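First up is the structure itself, then whatever we jot down about it.
The values are calculated or read from the model by the stated rules, or taken from the named source; none is laboratory data. Model, not experiment: these values are computed from the prediction. Heads up, the Cβs are rebuilt from the backbone with ideal geometry, glycines too, and the neighbour counts pull from every protein chain shown. Heads up: the accessible areas ignore ligands, DNA and RNA and are worked out on the full protein's heavy atoms, side chains in. Shrake-Rupley method; radii C 1.70, N 1.55, O 1.52, S 1.80 Å.
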Amino acid sequence: MNLRCVDCDALFPASMMYHCSHCGGILEVVGLGTGTCGEGNERVSAQPTMWRYGSRLPVEDLSYAVSLGEGITPIHAANRLADSFEFEGRLLLKDEAVNPTGSFKDRMLSVAVSRAKELGFEKVVCASSGNAGASAAAYAAKAGMEAVILAPVHTPREKLTQIAAYGPEVRLVEGHYSNSYRIAQQLSKEFGYANMTTTYINPYAVEALKTVGYELYEQLEGWIPDYVFVPVGAGPLLKGIYRGFTEAREVVGILHGDVEKHKDARIPKLIAVQAEGCAPVVKAYESGLDKVSAWGEPYTIASGISDPLIGYEQDGTHTLQFVKASQGFAISVSDDEILQAMRALAVLEGVFAEPTAACSVAAVKKALQAGAIPQSCSVVCMITAHGFKDFKIYQDMEREHRKCIFPSYPHRPF
Ligand SMILES: [Zn+2]
């Protein structure tokens, strides 16, 4: 196992490095899984987890694996939701909200904390808009490691409450997410914390997201959807799905002892979804640019992807490369469209999603109406985190809903 710079191809030992020391580029893990494929879960957990693909994850000794039961999340057929916007194709939801702390970040932190432990670190730091912080704190607790979580002051209260419950030191940072990102880097550099921030900064965390691609391929029995809609901040989830599908045929084929059956090597078109109030990747895509620039002041209810990328614009550029490589596109949705999608997910499919998670569904509806995707295609929406993460949005929505449907709703106890 090594780390490789995605820009200059320089190779480094697999230590806790965050950027290429030659050019400052993003690092990724290479040299995994040349032997057996898809083994490991039996050494980590009695329950099925993403460690099913343990030999493809960047932890050399699986006795260091820290697991709370992450991954192997369900796929729901969303037929009522599809009918509601007259979609004639196949609509599926990959429900990452059922991960141990309620978001897909658990995959990243399970691997990153495991690797930090294996490399001898005793303390971790994580800049977070909420979900990664909860994951980092939970996995650090499980590993017996000290944790510092940095979050913007306007992070939803439910997310901060959850983070604090796991017992880390929580520091609230003025301004947007990029400020927290910068302070996490300082703490890591000056005081020896392993940086668990879930942009592209920690190559081990990013590597974990391949398992989403593996799982989709395995759960759909080698059938490849036309599109996967992915809420995107910096975008490692989108890259993870791309790389997962790239390797899935081999991993799943060997896992099932049936390489011949798993022949379909296509990669779905990956759609980067952002909120209109913070859409640096979409802006670059729509302008025909290859390079992403930082966003100004973000303003959106989708706190999980409210990331202006200030100081690490290259992360957005890297994500855009995978959007284009998959022949996908980037699209933004308004807060009103997100609210409608949240309501529709809950009412029609029984899925309770935070605003960021509902962005994928809002974008499918918008793309259909705009003719950007055909009426008869197949689509997977990533539902990235649970509705419990941002209760206030639902409380406000509920008040509004009552006002609309029950104008004389009795405001008194039963
Ligand atoms: Zn480099």
(message) I'd like the distance separating the alpha-carbon centroids of the stretch 326-400 and the stretch 56-118, in whole Å.
(response) 18 Å
(message) At 222 nm, what value in deg cm²/dmol follows for the chain if DSSP H runs of at least 4 each add -39500 (n - 2.57) and the sum is divided by all its residues, to the nearest 500?
(response) -12000 deg cm²/dmol
(message) Net charge within 9 Å of GLU247 by Cβ-Cβ distance, Lys/Arg positive one each and Asp/Glu negative one each, not counting GLU247 itself?
(response) +3
(message) So if each residue of separation counts as 0.36 nm, and I subtract the Cα-Cα distance between LYS324 and PHE388, what length gain in nm does that give?
(response) 19.7 nm
(request) Pull up the cross-link candidates among the aspartates and glutamates for LYS366, meaning alpha carbon to alpha carbon under 16 Å and not fewer than 8 places away within one chain. (result) ASP83, GLU86, GLU88, GLU276, GLU286, ASP335, ASP336, GLU337
(request) Calculate, in nm to one decimal, what PHE191 and ALA294 gain on full extension: separation in residues at 0.36 nm each, minus their alpha carbon distance. (result) 34.3 nm
(message) Suppose all protein chains stay in the model; what accessible area per residue would a 1.4 Å probe give for the chain, in Å²?
(response) 40 Å²
(message) Can you tell me which of SER63, SER334, SER129 moves the most in a GNM of the chain? Springs connect C-alpha atoms under 10 Å apart.
(response) SER63
(request) Place +1 on the Cβ of every Lys and Arg and -1 on the Cβ of every Asp and Glu in the chain, take the dipole about the Cα centre, and give the residue among LEU11, ASN195, THR246 whose Cα lies farthest towards its positive end. (result) ASN195
(message) Going through the cross-link list LYS123/LYS239; LYS239/LYS324; LYS283/LYS392; LYS105/LYS324, which pairs have a Cα-Cα distance over 20 Å in this structure?
(response) LYS123/LYS239; LYS283/LYS392; LYS105/LYS324
(message) Below 8 Å, C-alpha to C-alpha, sequence gap of six or more: please give me the relative contact order for the chain in percent.
(response) 16 percent
(request) Report in % the part of the accessible area of the chain that belongs to carbon and sulfur, leaving out ligands and nucleic acids; probe 1.4 Å. (result) 50 percent
(message) Given R₀ = 30 Å, what would the calculated FRET efficiency be for HIS22 paired with LEU220, taking r from the Cβ atoms and rounding to 0.05?
(response) 0.15
(request) Specify the residue with the greatest mean-square fluctuation among PHE191, PHE329, PHE121, computed from a Gaussian network of the chain linking alpha-carbon atoms under 10 Å apart. (result) PHE191
(request) Please name whichever of PHE121, SER303, ALA140 sits farthest to the positive end of the charge dipole of the chain, dipole taken about the Cα centre and charges placed at Cβ: Lys and Arg +1, Asp and Glu -1. (result) SER303
(message) Let me check I've understood the local charge: for LEU238, count other residues with C-beta under 15 angstrom from its C-beta, Lys and Arg +1, Asp and Glu -1. What total comes out?
(response) +3
